[in-house]
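All of the numbers you see were taken from the coordinates with simple rules; none came from a lab. It should be emphasised that the depicted structure is a prediction, and the values quoted were computed from it without experimental measurement. Counting neighbours? That spans all protein chains shown, and the Cβs are built from the backbone with ideal geometry, glycine included.
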């Protein structure tokens with residue numbers, strides 16, 4: 001049993017084309033909790049209500065309040081770090097935001113192995129990561145580079 | 001009878017600043033998809049507002065047995081447009097960096113230079129043709145085909161694009177709009193004849209011998225034909 005409760009992934013386990021995913025519902029109460037624990041973060045300025053208030057969001061032209069971008073990034077980061085396991089190291093994660101994630105969206109959190117190489121004994125795995133909603137849109141997409149240990153002999 | 005499946009819309013880190021996929025990454029991914037039964041014969045790089053005829057991927061593409069062709073995605077007053085068959089004359093006559101090109105001028109220039117222009121992600125608001133068509137702003141006499149299946153569009157947006165293609169009797173093409181490796185080949189265009197050159201691509205698009213479909217549909221179709 002690891003400290004994080006996730007299994008360890010080894011470099012030899014990762015193969016180009018491997019896919020893994022989880023589902024996630026962007027429930028308003030989760031956004032509320034995220035905002036409350038992140039108070040003071042300038043990226044989470046909710047003065048106009050975009051993250052929490054239906055009327056405020058509609059005044060901005062949004063159908064419903066939206067999930068903060070940094071929260072979306074946290075959600076996809078957790079998918080990758082859980083996959084990598086406690087001894088895996090997330091080296092980089094670059095993402096771009098193409099559409100808003102709305103309160104109540106049912107998301108598929110997806111990651112796909114697009115490259116794997118051994119660089120001087122370090123197993124380096126590149127992943128494409130996505131959030132996909134039930135409308136077939138991918139509001140967040142990006143790449144992550146993870147270092148994985150080799151399986152002990 | 002289907003001769004080949006190409007993804008007509010892809011971006012790479014070489015020239016699109018919002019892309020995370022490299023050309024070699026796309027090639028490796030296609031090789032991996034083929035091992036899982038998918039049929040992707042090639043793709044067209046359509047970088048945003050950019051075309052460099054000096055950049056070639058022939059040697060790299062040959063190693064993976066994948067066709068890689070070049071076009072560009074330009075921005076007009078009725079949304080984005082994929083351009084295939086770019087000539088030196090077109091590069092001289094059109095400012096590729098302009099984000100508000102007159103679609104009439106662009107489509108006329110492309111036609112006169114022997115190329116073909118295809119409005120991209122036609123069902124998307126603002127950057128697709130749909131809204132502009134509803135407002136009567138589109139010179140449809142210059143449009144022969146539209147991207148009716150786009151990997152970055154929602155199901156509803158692709159549905160609108162299909163409706164538009166059917167209503168206007170336009171040929172349909174499919175493109176992944178890949179910005180990241182694993183998106184390449186999600187949406188494809190099926191051709192009745194082999195396409196391995198830009199000239200061949202233009203000829204098939206102008207003739208309308210093409211059809212949009214998803215990677216899964218292509219896989220099933222190709223599997224049934226084997």
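In table form, for the structure just shown:
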quantity: Rg and Dmax [Cα atoms of the stretch A:39-78; Å; Rg one decimal, Dmax integer]; calculated: 10.9, 32
quantity: Alpha carbon convex hull of the stretch B:1-131, volume per residue in cubic angstrom; calculated: 133 Å³
quantity: Between the stretch B:71-145 and the stretch B:175-202, the alpha-carbon center distance in angstrom; calculated: 18 Å
quantity: Taking the stretch A:45-91 and dividing mean pair separation by its residue count, relative contact order in percent (alpha carbons under 8 Å, at least six apart); calculated: 21 percent
quantity: Spacing of the two label points (7 Å from each Cα toward its C-beta) at residue B:36 and residue A:135, in nm; calculated: 2.7 nm
quantity: Globularity index of the stretch A:59-111, i.e. its alpha-carbon radius of gyration over 2.2 N^0.38 Å; calculated: 1.35
quantity: With Cα atoms, 0 to 90° folded angle of helix B:103-112 axis to chain B main axis; calculated: 60 degrees
quantity: Debye intensity ratio in log₁₀ form over the Cα atoms of the stretch B:102-210, taken at each q of 0.11, 0.12, 0.22 Å⁻¹; calculated: -0.33, -0.40, -1.29
quantity: Within the stretch B:75-226, percent of DSSP bridges classed antiparallel, to nearest 5; calculated: 60 percent
quantity: Label-point separation in nm, residue A:45 to residue B:105, each point 7 Å along Cα→Cβ; calculated: 3.8 nm
quantity: C-alpha long axis of helix A:28-37 to longest principal axis of chain A, angle in °; calculated: 80 degrees
quantity: DSSP-defined beta bridges in the stretch B:143-226 - what % are antiparallel, rounded to 5; calculated: 50 percent
quantity: Potential lengthening between residue B:209 and residue B:59 on full extension [0.36 nm per residue; Cα-Cα distance subtracted]; calculated: 51.2 nm
quantity: Span from the the stretch A:20-61 Cα centroid across to the the stretch A:70-85 one, whole angstrom; calculated: 18 Å
quantity: Percentage, to the nearest whole number, of Cα pairs in the stretch B:40-84 over 16 Å apart; calculated: 44 percent
quantity: Scaled radius of gyration (Cα, divided by 2.2 N^0.38 Å) that the protein assembly as shown gives; calculated: 1.04
quantity: Expected 222 nm ellipticity per residue - DSSP helices of 4 or more, -39500 (n - 2.57), all of the protein assembly as shown, to 500; calculated: -8500 deg cm²/dmol
quantity: Against the rule of thumb 2.2 N^0.38 Å, how large the Cα Rg of chain B comes out; calculated: 0.93
quantity: Partner chain coverage, peptide B:124-133 - average Cβ within 10 angstrom; calculated: 0
quantity: The stretch B:161-226: relative contact order as a whole-number percent, Cα under 8 Å and 6+ apart; calculated: 33 percent
quantity: Along each principal axis, Cα extent of the stretch B:54-165, largest first, Å; calculated: 45, 33, 22
quantity: Degrees between helix A:69-84 axis and first principal axis of chain A (Cα, 0 to 90, nearest 10); calculated: 20 degrees
quantity: Largest-first principal axis extents, alpha carbons of the stretch A:100-148, Å; calculated: 44, 15, 13
quantity: Burial order of peptide ranges B:85-95, B:200-210 (average beta-carbon count within 10 Å, highest first); calculated: B:200-210, B:85-95
quantity: Overall Cα dimensions of chain A - principal axes, largest extent first, Å; calculated: 59, 31, 24
